[in-house]
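Below you'll find the structure, written out as structure tokens, and then a few comments.
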Amino acid sequence: MFSYLGIDVSKDSLEIRILPEDIGMSYANNCAGFKALIDWLKPYNVRRVLLEATGGYERAAMKSLQAVGLDVLRINPRRVKSFAEAMGYRAKTDPIDARLLAEFAHVVKDSGSRITNVEQDNLRALIQQRENFVQQQSDDVRRLKTASVDLVKPLLQSHIDYLTQAIKTLNNLIRQSAQVLDRDKIARLCSVKGIGIVTAASLMAYVPELGEVGRREIAALLGVAPYNDDSGNHQGARRIGGGRFAARRAMYMACWVVIQRQPEFKARYEALRQKGKCAKVALIACMRVLLIRLNAMIRDGAEWKERAV
């Protein structure tokens, strides 16, 4: 008999529920707690462990459970909330949430979260820190333009200058980290006109499956796959949804540059616009084609080829 484990993660603790045994436990969210949890699980034939993404508090526990061979799935909290509503859950406590996650683990069809190595974790952390600094810099530039007190302006400018230098340092660290992770992959991605080191490293950090899955799977992973909205005689507009937002955002900005620099993509974009598609719809269509071709290039170990218009 298989068992399914739900873990409600908080900063300091892990609330556990295992089904169908319907047994609950609580452990500290630290190395000692992980070891105690793993020892407690030994008598059970655990098929899947499910926990929510909690801004990073779940990462250490997930890695510890993956290290002993357990299939661990980290899931978006929005999906858990929708599942709770569908199952009629109204009350919310840590034990209730853990039981809900165990029930979801039993029915969810997703595959387990990918096991990452130290190099992948380092690259992802650098990419995320760069995103934070870029956002802070953008915010301070906007504040500087609207600042009405002269005493504040030098402080804002000083912080902007610091962030500018920090971002340059991070760019160098990202390049080094990406090359350590996979020198060949980063070189192939950067060989595409319009894709720079940050976009290429973002794809490597957020989409390690690039080159390992099919065209439909890779489009779904980034959330650029169109989904039907049909019912009876109604045929609704296809829409994208879900996927990994951080990777999609990186591809979104890069695709604008690709459209400007590569005639094939410029012609594709303009043709869609002439058919009446709005700018974002045309861009997403180009993103999907670009992503699928990048996936095939990495999968086949081939060089990028610009196609004639």
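Things to note:
Residue-by-condition table, conditions (1) surrounded by 14 or more Cβ atoms within 10 Å (Cβ to Cβ); (2) within 18 Å of the chain's Cα centre (by Cα); (3) among the acidic types (D, E):
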{"site": "V149", "(1), (2), (3)": "no, no, no"}
{"site": "H159", "(1), (2), (3)": "yes, no, no"}
{"site": "K168", "(1), (2), (3)": "no, no, no"}
{"site": "Q176", "(1), (2), (3)": "no, no, no"}
{"site": "A201", "(1), (2), (3)": "yes, yes, no"}
{"site": "V207", "(1), (2), (3)": "yes, yes, no"}
{"site": "R215", "(1), (2), (3)": "yes, yes, no"}
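- Look at (1) modelled with pLDDT under 90; (2) farther than 25 Å from R183 by Cα; (3) surrounded by 12 or more Cβ atoms within 10 Å (Cβ to Cβ) and you find that S113 fails only one, number (2).
- Pairing each residue of the range 21-50 that is outside the structural domain of P95 (by TED's automatic domain parsing) with any residue that is surrounded by 14 or more Cβ atoms within 10 Å (Cβ to Cβ) and not β-branched (V, I, T), provided the two are 6+ apart or on different chains, yields no C-beta distance under 9 Å.
- Positions within the range 1-58 being acidic (D, E) and either more than 14 Å from F104 (Cβ to Cβ) or more than 27 Å from the chain's Cα centre (by Cα) (or both), in sequence order: D12, E15, E21, D22, D39, E58
- Qualifying residue in the range 270-292 (condition: buried (at least 17 other Cβ atoms within 10 Å of the Cβ), touching a Gly at 6+ places or on another chain (Cβ under 9 Å) and assigned to a loop (DSSP other than H, G, I, E, B)): no
- For Q176: the one exception among (1) farther than 30 Å from R293 by Cα; (2) of a type outside the set (G, A, S); (3) without any contact (Cβ under 8 Å) to a residue 24 or more places away in the chain: (1)
- Any chance R183 is in contact (Cβ under 8 Å) with a residue 12 or more places away in the chain, surrounded by fewer than 19 Cβ atoms within 10 Å (Cβ to Cβ) and farther than 26 Å from K266 by Cβ: no
- First in the range 138-161 and modelled with pLDDT of 90 or more, second anywhere and outside any helix (DSSP H, G or I), Cβ under 9 Å, 6 or more apart: K153/A147; L156/A147
- Filter result for V198 (under 22 Å from E303 (Cα atoms) and among the hydrophobic types (A, V, I, L, M, F, W, C)): yes
The values are calculated or read from the model by the stated rules, or taken from the named source; none is laboratory data. No experiment lies behind these values; they were computed from the predicted model shown. Reconstructed Cβ throughout: ideal geometry from the backbone, glycine too, with neighbour counts over all protein chains shown.
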